[in-house]
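Note sheet for the following structure.
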Amino acid sequence: MNPEFEARLKAQVDFPSPSRVASEVIGLAGHPDIEMTKVANAISRDPAMAAKLLRIANSAFYAQRRPSQNIRQALVIIGLNAALTLALSFSLVSTLRGCKPNGIDYKRYWRRTLLAATASRAIAEQVCKGQDEDAFLTALLQDVAILAIDRASSTFYADLPLETSHAVLIEYEKARLEGKDHAHYGALLLRSWNLPEVICSGVEQSHRAELSDTTNDDSKIARCIALGSELAEAVLVANRAAALPKVADQAAKLFGIRGEQFTEIVTRVIKLIPEAEELYETSILDASDADILLSQARELLTVRNLHALRDVQALQATASVLLNRTEELEDATRRDALTGTLNRMWVERLLEREYTQAVMFSRSLSVALIDLDHFKRINDAVGHEGGNRVLKTCADVIQANIRGSDLVGRYSGDTFLVILPGTDEALAAQVCNRMIGAVRELPLLTSQASLKPSISIGLATYTPKHRFTNAAELLQAADHALYRAKLRGRNCVERFDDLPLSKSPPPTAH
């Protein structure tokens, strides 16, 4: 029966295959050297697809402070591979929604599919970063064979109640298709469309994800799809309060996701749902239902962590504390433990982002590298603990004298990096002089006047007219300026543009 049934699935005249633009996108996705121009041109040929891609680049999926104005800017924000995946999802969903149902609840099918895709993306953001769009498209297509089977045999699902659970549906299919289910036939259909193997494999493994290799990227996506599918199922069933704990247990089993992290995923899903509804022009979850879901996820977190507490008011208060703790822990991973400023890894990542956006949007970007003067003498005079207090005090003064849009991080032992987005050299110099003046006002550390705290600053500015090759080169320019400031006697700011062209001072070791 299976070979005959497979042939019928592939040979259906009335079951839609990918559109011309989607086929072109599939071809580009499989090319090892993807070119931005070709991707932009392909997407631009479908105005609806292009509009949706711009929308998603400016949405909660890719939160940016400055909006993308055209397809090229959107491609920079999203990334070429992710953009191809998203464009493909828009086209395929639009095409597949043209199918006419026979024995399935069409509205519930699409609600579940889009909810599972949104959940799979939120899970992938946590456990396999960089593959969230692959997870989203794979989840969108994981049940495509249900549509195909329904078209190939109009009475196949006739004996099933319309609101049958996914697990019951799978067992029903296996009993009638010699042990095969729609995941098997979905992969078969997607391979006939020449979709990337990571998507085909993810669909194929999605019903047996717990048996997959945890170190394999394709298997990780399959696990995301399986967990996202279970979360979608739990949201749609009548007894959600009983279903949600089972999904939490499965999250722990598949990925080791527990407690606050599971609640964070549910929160992220709820945040993404309105955007998905707009992009795919369908209703997934109304606002009141979303609020109930979040409340149930929070309650689950509270009960599991604080089961000894029986007083309802105490449970609610502790749930609030746990939610705040989640945010604090996330922030703590980005901060230097001593000074409270951003740590080096995170401030370097933000510098790369700000540099990319400065280039893309033709904006100015200034960076200031700050050294605490004579810090070794300070340590020798007041001891290690005293030196730490001086560092913390200077960090506080620096943070108090920058603007809300500026970013400051501890770059090395006694060196800080301040990023000033959208700031030209003149304005950045004013901020630097304000910081120097504020540190200069700090009291003496000892009776020795020479141990009064002070800072030296090297300043470099990227502008559309004065370009640097990359963020590292901009930072190196600030380092050269800092070296010059020390030669001048410290306690001052030196601009890179004011350095003699004939001299190229060595960079300071950080």
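The values are calculated or read from the model by the stated rules, or taken from the named source; none is laboratory data. Source: prediction; values computed, not measured. Using ideal geometry, Cβ is built from the backbone for each residue, glycine included, and neighbour counts are taken over all protein chains shown. With ligands, DNA and RNA removed, areas are computed over all heavy atoms of the protein, side chains included. Shrake-Rupley method; radii C 1.70, N 1.55, O 1.52, S 1.80 Å.
Take each of the peptides 366-378, 467-479, 168-180, average the number of other beta-carbon atoms within 10 Å over its residues, and list them starting from the highest.
Values: 366-378: 22.2, 467-479: 18.0, 168-180: 14.4.
Averaged packing, sorted descending, gives the order 366-378, 467-479, 168-180.
For the stretch 398-404, what does the Karplus curve 6.51 cos²θ - 1.76 cosθ + 1.60, with θ = phi - 60°, yield as ³J(HN,Hα) per residue in whole Hz, taken in order and with x for Gly and Pro?
Once rounded to whole Hz, the list reads 4, 5, 6, 10, 9, 8, x.
Quick check: pseudo-label points 7 Å beyond the Cα along Cα→Cβ at K38 and N194, how many nm apart are they?
Reported label-point gap for K38 and N194 is 1.2 nm.
Which sequence of D249, D143 reflects their accessible areas, 1.4 Å probe, from the largest down?
Values: D249 80, D143 5 Å².
The residues order as D249, D143, largest area first.
List the lysines whose Cα lies under 25 Å from the Cα of K486, skipping any in the same chain that are fewer than 8 positions away.
Leaving aside lysines fewer than 8 places away in the same chain, those within reach of K486 are K376, K392, K452, K503.
Would you kindly state how much longer the chain becomes between W346 and K107 on full extension, computed as 0.36 nm times their sequence separation minus their alpha carbon distance, in nm to one decimal?
Working: separation 239, 0.36 × 239 = 86.04 nm, distance 4.37 nm.
Roughly 81.7 nm would be gained on extension.
Between K376 and D159, how many nm apart are label points set 7 Å from Cα along the C-beta direction?
8.5 nm
Would you calculate the convex hull of the Cα atoms in the stretch 374-458 and tell me its volume per residue in Å³? It would help to have the intermediate numbers written out before the result.
On the way: hull volume 7.6 nm³, N = 85.
Cα-based convex hull of the stretch 374-458, divided per residue, equals 89 Å³.
Rounded to the nearest 0.05, what FRET efficiency is calculated for N433 and K271 with R0 set to 35 Å and r the Cβ-Cβ distance? Walk me through the numbers on the way to the answer.
Values: r = 41 Å, r/R0 = 1.18.
That gives a FRET efficiency of 0.25.
Please list, or write none, the lysines whose alpha carbon is within less than 25 Å of the alpha carbon of K129, excluding same-chain residues fewer than 8 places away.
Partners within reach: K52, K220, K246, K253, K271.
Under 5 Å between amide H atoms, partner at least 5 residues away or on a different chain: which partners does I455 have, H built in plane at 1.01 Å?
Amide H neighbours of I455, under 5 Å, 5+ apart: D373, N491.
Against the 2.2 N^0.38 Å scaling, with N counting residues, where does the stretch 110-157 land? I'd like the Cα-based Rg ratio to two decimal places. Show your work: numbers first, answer last.
Details: Rg = 13.2 Å, N = 48, 2.2 N^0.38 = 9.6 Å.
Taking the Cα Rg and dividing by 2.2 N^0.38 Å, one obtains 1.38.
From the residues A238, G186, S206, which one has its Cα farthest along the dipole of the stretch 167-269 in the positive direction, the dipole being from +1 and -1 charges on Cβ of Lys/Arg and Asp/Glu about the Cα centre?
A238
Of L420, Q430, L442, which is farthest towards the positive pole of the stretch 401-443's charge dipole, taken about the Cα centre with +1 and -1 on the beta-carbons of Lys, Arg and Asp, Glu respectively?
Of the candidates, L442 comes out farthest on the positive side.
Set the Förster distance to 41 Å, then compute FRET efficiency between E473 and L338 from the Cβ-Cβ distance, nearest 0.05. Write out the running numbers ahead of the final one.
Numbers: r = 29 Å, r/R0 = 0.71.
Here the calculated transfer efficiency is 0.90.
Using 0.36 nm per residue of separation minus the Cα-Cα distance, give me the extension gain between L487 and A167 in nm, one decimal. Intermediate results must be reported in sequence, preceding the final value.
Numbers: separation 320, 0.36 × 320 = 115.20 nm, distance 7.28 nm.
Separation in residues times 0.36 nm, less the Cα-Cα distance, equals 107.9 nm.
Please work out how much accessible surface H384 shows to a 1.4 Å probe, ignoring ligands, DNA and RNA, in Å² rounded to 10.
Counting only protein heavy atoms, the figure is 120 Å².
Could you tell me what percent of the accessible area of the stretch 228-280 is made up of carbon and sulfur, with a 1.4 Å probe and every protein chain present? Working shown, then result.
On the way: 1040 of 2070 Å².
Carbon and sulfur atoms account for 50 percent of the accessible area of the stretch 228-280.
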